[in-house]
Amino acid sequence: MRRYFTLVSLLFLTIPAGISISGCIRNPEGNYCNGQGYGLKNTDVYSIDLEPRTTGISLAFGQTRQISAPTAKTCKGDSASVSTYAYGTTNNKLVDISPSGNICAGTWNRNSGGGIADYTICNFPNPAPNTGGLPYATAYISASANSVTSNPVQVFVHAQVSGISLALGGQQNQCYSQGTTTQLDSEACYSANGQQYEFCSPSAVTSYACSGGLAPGVTAVPSCTQVIGTLTYAVGTSSVASINSVTNQITAELPGTTVVTASVAQSGSSAGYFSTCPPKSISVTLNGSTNTTVTQGVQQNLTTKVTDTNGNTITGLTLDYQSTNPMNISASSTGGVTASFPGAATVYAICQPGVCNPAPINQVGLFGTGLSISSNPVDLTTPGTASAYMWFSAPGKSQYFVPVELLTGTIGSTVRLPYVPNSMVMDQTGSSLYFGSSHELMVYSTTSNALARQDTNVPGVVLAVSPDNRTVLINDPVRQVFYLYNSSGSVTGMFGGLGTAAQWTPDGKTLYVTDSSSAGAGHTDTLYVYNANTGWTTYPLPASPRPWTANQTPRELAVTVPGVGAYLSGSPTVAHTWCPTGTVGDYATMTFYPLGDTVPVQTDTLAATVDGQHILGAALAGGGISLTDINVSIPNGACPAASGNQLQALMIPSTPTPLTVNVSATAVNQVVPSPASNLAFVTYNGTTTGAQLPYYVPGSGAVKYITLTGASAITAPLVGAFSPDDKLFFVSTAGDNMIHYIDVPTLTDTQQISPNLPACTPGSDPDCTITTPTSATVPATAIAVKPRATT
């Protein structure tokens with residue numbers, strides 16, 4: 001027994017350490033792909049991916065392209081290391097590929113001699129491809145390493161593409177509602193044998209792209225199956241549409257038209273245009289109403305619904321919300337309404353290119369894109385009474401102006417300016433007074449009560465300040481140039497011309513400017529329009545039938561509410577509106593602000609009521625004044641539908657009602673509507689004492705009069721302005737050189753103050769228009785009013 005145990009022990013001791021009873025375990029089964037301990041290891045190359053495997057590669061004869069680097073994977077899906085790939089082709093006479101993976105649509109040079117390196121010259125295919133008599137063919141390339149070959153990649157070889165045009169799911173003559181998706185496809189033309197031919201991409205599900213709508217002399221390739229490869233697309237305006245690069249489907253996003261570019265075989269072009277349907281209507285309400293009150297200091301949100309031309313709802317649109325009285329009732333960019341002071345305003349929304357509904361300039365009007373759209377107006381009122389600050393000046397007659405605080409009735413000390421001003425305009429925020437002169441621009445801060453800036457680079461007449469207080473329009477009559485002057489102190493734009501009146505739309509994106517034959521005999525009256533999207537344009541105005549005189553009243557203008565256009569004084573009185581005329585796609589035929597109304601009446605001055613229902617015009621008629629109430633129906637919504645490819649102007653229906661103002665006048669100065677649109681005063685020049693102040697209730701058909709205190713000395717009510725809360729009307733009068741406070745509810749003259757503006761000395765300044773002094777003081781001819789506090 002002892003001997004047996006000893007024998008067994010010796011046997012165990014003689015078995016090698018690396019051997020077990022069950023067999024060899026030097027390479028565990030887990031290191032192999034099949035788990036059996038043999039074959040392909042987990043770290044070996046299992047597959048090679050060569051791209052683009054789905055779209056292939058498109059090359060014109062003689063073109064080259066570096067193939068994307070292959071990627072190798074193990075059987076576990078991990079990256080595998082490959083030091084060098086070998087490339088192959090199924091037809092090296094059609095598609096050749098260098099050892100580094102550079103593809104040639106033809107054959108590479110080899111052993112050329114003369115020091116020319118191999119694989120540097122791509123020769124055209126020889127023989128030339130011929131498929132059904134047409135110059136195109138395909139071959140496949142692949143990459144291999146470690147005895148593994150990649151997927152094949154198709155290479156399309158064809159004649160040079162000379163142009164690409166776009167097809168949209170077989171339906172190009174339409175716009176697409178937001179969220180709609182359609183298939184992109186293109187037709188690519190090429191020349192061969194003196195004839196134009198057409199290729200298709202393999203994404204075409206039918207042959208529509210190559211069989212319909214061909215240009216004269218263009219022959220379609222008989223088959224549209226995988227001829228030239230898949231095209232790559234991009235949109236010019238990403239807000240209008242987006243493209244799925246895998247499926248080449250395009251999705252409508254926000255209204256507008258965008259260019260779509262397509263590229264194939266290193267040839268790219270603006271293949272066509274894609275349009276997302278524009279708004280047809282914009283409905284705006286506040287608490288379900290279009291005429292309501294808002295509480296002071298509490299923001300309320302407008303409800304806005306936008307419907308496109310297919311009747312579908314649009315969301316996410318960027319609109320401009322506009323208020324006709326932003327100092328009192330403002331509207332934010334998101335449609336929030338806030339009343340800072342008592343008063344009245346009309347608020348509306350506008351979709352205006354280029355932020356909303358954009359289009360390339362040569363495609364304005366395509367399916368209604370590139371055009372502005374207005375909502376309905378919403379009339380808002382904030383009850384209460386507010387005090388005010390006022391400033392009185394006499395441009396051209398005094399070097400001074402006077403501040404007045406309404407709350408205490410205190411008349412401030414007269415403020416002497418560096419030069420005699422020729423104009424005074426306050427911005428709509430009430431923070432700055434801009435005084436023009438032939439020497440310089442003078443800017444007075446109403447918050448610090450001090451002169452804030454003098455700028456000799458922009459002499460001239462201040463005509464208007466944009467609603468956002470960012471841009472001032474100044475006209476230099478000597479140089480005959482308009483300056484767009486940034487409120488920070490720099491000139492942002494210039495344009496040649498003469499202007500007598502100007503007005504911005506409430507969004508600050510459109511500016512209307514008029515000149516008149518008062519510039520001289522033989523001068524053609526002109527309308528200038530500056531738009532943030534289209535720039536400056538000019539339009540001749542109808543000549544006035546009146547013979548030109550040196551003191552002829554300049555043309556005035558009034559922007560409609562909503563701001564779809566502007567009425568211009570004259571005979572006839574005309575309106576220019578924002579819907580252009582011309583041929584879609586032909587920019588040279590476009591007129592961007594065509595005539596939208598012609599009213600056969602004479603007007604010297606104009607004003608629009610805030611409710612948008614009346615254009616009030618007045619003109620000198622003999623020794624009196626004619627007043628015309630032009631009842632208007634301002635269209636809202638989209639521009640008129642095009643007739644074929646011809647765009648139509650926006651026409652404003654109007655009905656004039658002529659009235660007689662029985663006063664003795666030598667010129668008409670103003671028609672001043674109230675903030676609530678329920679009253680308007682007429683101011684004028686005159687020489688006869690006992691002058692009265694005419695007023696008119698729009699739509700009433702009757703002119704009435706207020707007898708002013710001290711009327712026996714008054715020769716004319718010269719200029720006037722309402723308090724923002726619509727409770728008082730301030731009117732400056734000649735003869736007594738006073739300011740009269742008219743209580744609006746009772747229509748009575750309740751108070752008078754004297755601004756005591758010193759007259760300028762004749763000849764002391766080029767802007768002093770006084771030639772023969774008649775008094776040491778002059779009446780105010782410019783009034784600015786700013787709300788101060790609630791009382």
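The values are calculated or read from the model by the stated rules, or taken from the named source; none is laboratory data. Keep in mind that this is a model prediction, so the values were computed, not measured. Positions of Cβ are backbone-derived with ideal geometry, glycine not excepted, and every protein chain shown enters the neighbour counts. With ligands, DNA and RNA removed, areas are computed over all heavy atoms of the protein, side chains included. Shrake-Rupley method; radii C 1.70, N 1.55, O 1.52, S 1.80 Å.
Residues that are of a type in the set (A, V, I, L, M) and free of Cβ contacts under 8 Å to residues at least 40 places away in the same chain: does segment 120-131 have at least one? Yes, segment 120-131 contains a residue that is of a type in the set (A, V, I, L, M) and free of Cβ contacts under 8 Å to residues at least 40 places away in the same chain. Taking the conditions (1) surrounded by fewer than 20 Cβ atoms within 10 Å (Cβ to Cβ); (2) more than 30 Å from Asp586 (Cα to Cα) in turn, Thr318 satisfies each one other than (2). Condition check for Asp736 on (1) in a strand (DSSP E or B); (2) buried (at least 16 other Cβ atoms within 10 Å of the Cβ); (3) free of Cβ contacts under 8 Å to residues at least 60 places away in the same chain: one failure, at (1).
Considering only residues in segment 278-313 that are open to solvent by 60 Å² or more (accessible area, probe 1.4 Å) and charged (D, E, K, R), the one that is farthest from Leu371 (Cα to Cα) turns out to be Lys305. Thr750 meets each of the listed conditions (1) open to solvent by 10 Å² or more (accessible area, probe 1.4 Å); (2) assigned to a strand (DSSP E or B); (3) under 24 Å from Ala619 (Cα atoms) apart from (3). For segment 357-388, enumerate the residues that are among the aliphatic types (A, V, I, L, M) and either open to solvent by 30 Å² or more (accessible area, probe 1.4 Å) or modelled with pLDDT under 90 (or both). Ile361, Leu366, Ala386, Ala388, listed by residue number. Filtering segment 459-479 to residues that are part of a loop (DSSP other than H, G, I, E, B) and crowded, with 20+ Cβ neighbours inside 10 Å leaves Pro459, Ser466, Pro467.
So for segment 320-341 (the condition being hydrophobic (A, V, I, L, M, F, W, C), closer than 30 Å to Thr237 by Cβ and at pLDDT 95 or above), does at least one residue qualify? No, segment 320-341 contains no residue that is hydrophobic (A, V, I, L, M, F, W, C), closer than 30 Å to Thr237 by Cβ and at pLDDT 95 or above.
Let me confirm something: among Thr715, Thr688, which residue is open to solvent by 60 Å² or more (accessible area, probe 1.4 Å), among the hydroxyl-bearing types (Ser, Thr, Tyr), over 44 Å from the mean Cα position of the chain (by Cα) and more than 30 Å from Asp597 (Cβ to Cβ)?
Thr688
Of the strands (runs of 3 or more DSSP E) lying entirely inside segment 674-729, those carrying at least 1 residues that are of a type in the set (Ser, Thr, Tyr) are 680-685, 693-696, 703-706. Restricting the search to segment 403-419, which residues are hydrophobic (A, V, I, L, M, F, W, C), open to solvent by less than 70 Å² (accessible area, probe 1.4 Å), within 17 Å of Lys727 (Cβ to Cβ) and modelled with pLDDT under 90? Selection gives Leu406 alone. The sole residue among Thr715, Thr683 that is closer than 17 Å to Gly617 by Cβ, of a type outside the set (A, V, I, L, M), modelled with pLDDT of 95 or more and touching a Gly at 6+ places or on another chain (Cβ under 9 Å) is Thr683.
Gly354 meets each of the listed conditions (1) of a type outside the set (A, V, I, L, M, F, W, C); (2) surrounded by fewer than 24 Cβ atoms within 10 Å (Cβ to Cβ); (3) in a loop (DSSP other than H, G, I, E, B); (4) at pLDDT 90 or above apart from (4).
One line per residue, one yes/no per condition, for (1) open to solvent by less than 30 Å² (accessible area, probe 1.4 Å); (2) more than 26 Å from Leu433 (Cα to Cα); (3) modelled with pLDDT under 85:
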{"residue": "Val481", "(1), (2), (3)": "yes, no, no"}
{"residue": "Leu498", "(1), (2), (3)": "no, no, no"}
{"residue": "Thr505", "(1), (2), (3)": "yes, no, no"}
{"residue": "Tyr512", "(1), (2), (3)": "yes, no, no"}
{"residue": "Ser518", "(1), (2), (3)": "no, yes, yes"}
{"residue": "Arg546", "(1), (2), (3)": "no, yes, yes"}
{"residue": "Thr560", "(1), (2), (3)": "yes, no, no"}
{"residue": "Pro572", "(1), (2), (3)": "no, yes, no"}
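Just one of the numbered conditions (1) over 29 Å from the mean Cα position of the chain (by Cα); (2) free of Cβ contacts under 8 Å to residues at least 60 places away in the same chain is not true of Ile625: (2).
Applying the set (1) without any contact (Cβ under 8 Å) to a residue 40 or more places away in the chain; (2) assigned to a strand (DSSP E or B); (3) crowded, with 20+ Cβ neighbours inside 10 Å; (4) not hydroxyl-bearing (Ser, Thr, Tyr) to Met424 leaves exactly one unmet item: (1). Considering only residues in segment 82-127 that are touching a Ser or Thr at 6+ places or on another chain (Cβ under 9 Å) and at pLDDT below 90, the one that is least open to solvent (accessible area, probe 1.4 Å) turns out to be Ser112. Counting only residues that are within 16 Å of Gly430 (Cα to Cα) and more than 21 Å from the chain's Cα centre (by Cα), segment 303-325 holds 1 of them.
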